[in-house]
């Protein structure tokens, strides 16, 4: 799980957005529209990152269509410390660059 998260969050384009999605989902479930508002990014961008995270079993979805809520997967919940470790390293470097 640790290697997968490093690759998804630090090794690929869009990793910072995926990390922010995970940090939000750590707090509570969100649907795609709510994540779009919280992150201030395009809806299609959010949907893309949600698909990537689901495909890699980092998040799970419940519900139908627009009411579909996204949650951290049980495996991700068990490894939440890895997310925080990665964020402490990549999040600070992004902030220093003015992002």
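Observations
- The set of residues in the stretch 52-76 that are exposed (fewer than 12 other Cβ atoms within 10 Å of the Cβ), part of a helix (DSSP H, G or I) and at pLDDT 95 or above comprises 55, 74.
- Options 57, 47; residue that is in contact (Cβ under 8 Å) with a residue 12 or more places away in the chain, touching a helix residue (DSSP H, G or I) at 6+ places or on another chain (Cβ under 8 Å) and at positive phi: 57
- Candidate set: the stretch 17-40, residues that are touching a residue at least 24 places away in the same chain (Cβ under 8 Å) and surrounded by fewer than 16 Cβ atoms within 10 Å (Cβ to Cβ); chosen: the one nearest to residue 90 (Cα to Cα): 23
The values are calculated or read from the model by the stated rules, or taken from the named source; none is laboratory data. Keep in mind the model is a prediction, meaning the values are calculated, not measured. As a convention, Cβ positions derive from the backbone with ideal geometry for all residues, glycine included, and neighbour counts pool all protein chains shown.
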